[in-house]
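Data block below; observations after.
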Amino acid sequence: PDIIQACRNAWTACGLQPLLGERVELTPSILGYSLLYPYTDNYLDRADVGAEEKCRFSERFRQRLDGGDILAEGAREAALWALVELIEGQYPRERFPQVFDCLLAIHRAQGDSVAQLTSAVDCTDAEVLRMSCAKGGSSVLADACLARGGLNENESRFGFEWGVLLQLGDDLQDVREDLQRGSVTLFSRAVAQGMPLDGLAIQLLNFSERVGARMDDLHCGTAVFKDLLKMSWRSLIVGAVADSHQYFSPGFLR
């Protein structure tokens, strides 16, 4: 699996713990979840695996996430099933249904995100944005739920919006690679149409302020920690602009 992505997943989940009043630690469920999606993403991204086989794998994985008694086929499924068991061991399904609802939500979003390859050229900007929001938002929402086992409405909204922010930041970081492989995001589509990314970057910076304001409404977490997170979000966006400076106007860069 992509170890860097797994570490980022774990970092996000552990970063949520103090905001939810929990001790910072790498729990069995966070470890299991952090490895689940690098494993599945790598498989679904493989060019040597046909669409039919990918759909079959995705459906079997969905059934296992839903609590189905599915016998693993091969080493890949055995590893994934074991990771799901780590989550089930910490959060029994009957007591923590929200955890598994979140896992099923990111599974659905993962499947939809496949449409952000060349098949997404006919989608509207709103639909492309919806897919990015669903993928990123459900991912960090699951992180937040695994940090404590359950969330109230405000905590859920913050987790989802933080995930959207990180996903859009990643989309801006990856705009050059997305253009090369034909993956459609708001940023790659704008560049392909000859538009500078100034406006989208400004919207993203403004959105990071909104997410920060929602984080400030959480009762746990110190002001210093929250300010550190806000700074990291701004740095992510500004760094992505610097890396892809050719897609911005000179005035905006100045």
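With the charge dipole of the stretch 86-228 set up from +1 on Lys and Arg Cβ and -1 on Asp and Glu Cβ about the Cα centre, the Cα lying farthest toward the positive end among the listed residues Val99, Cys145, Gly89 is that of Gly89. In order along the stretch 24-37, the phi-based Karplus estimate (6.51 cos²θ - 1.76 cosθ + 1.60, θ = phi - 60°) of 3J(HN,Hα) comes to 6, 7, 8, 8, x, 5, 5, 4, x, 5, 5, 9, 4, 7 Hz; Gly and Pro are listed as x. Would you mind telling me which residue in Leu146, Leu228, Leu197 has the biggest mean-square fluctuation in a Gaussian network model of the chain, where springs connect alpha carbons within a distance under 10 angstrom? Result: Leu228 has the largest fluctuation of those listed.
Note that the stretch 76-89 has calculated 3J(HN,Hα) couplings of 5, 5, 4, 5, 5, 4, 5, 5, 5, 5, 4, 5, 5, x Hz, one per residue in order, obtained from phi through the Karplus relation 6.51 cos²θ - 1.76 cosθ + 1.60 (θ = phi - 60°); glycine and proline are x. Gain on full extension, evaluated as 0.36 nm per residue between Leu104 and Asp48 minus their Cα-Cα distance, stands at 17.5 nm. Net charge dipole, the stretch 6-153: roughly 280 debye, given to the nearest 20, about the Cα centre with Cβ charges of +1 for Lys and Arg and -1 for Asp and Glu. Could you compute the net charge surrounding Cys123? Neighbours are other residues with a C-beta less than 12 Å from the C-beta of Cys123; K and R count +1, D and E count -1. For residues surrounding Cys123, the net value is -2.
Quick check on the chain: helices-only [θ] at 222 nm, where DSSP H runs of length 4 and up contribute -39,500 (n - 2.57) each and the sum goes over total residues. Nearest 500, please.
Working: 12 runs with 183 residues, N = 254.
Helix contribution divided over all residues of the chain: -23500 deg cm²/dmol.
State, as an integer percentage, the relative contact order of the chain based on alpha-carbon contacts under 8 Å between residues 6 or more apart. List each step's numbers first, then the result.
Working: 277 pairs, mean separation 51.1, N = 254.
Reported relative contact order: 20 percent.
Only one residue of Leu200, Val184, Phe57 has its Cα farthest out toward the positive end of the dipole of the chain, where Lys and Arg carry +1 and Asp and Glu -1 on Cβ, and that residue is Leu200.
Computed from the coordinates by the stated procedures, all read-outs in this text should not be read as laboratory data. Note that this is a predicted model, so its numbers are computed, not measured. Heads up, the Cβs are rebuilt from the backbone with ideal geometry, glycines too, and the neighbour counts pull from every protein chain shown.
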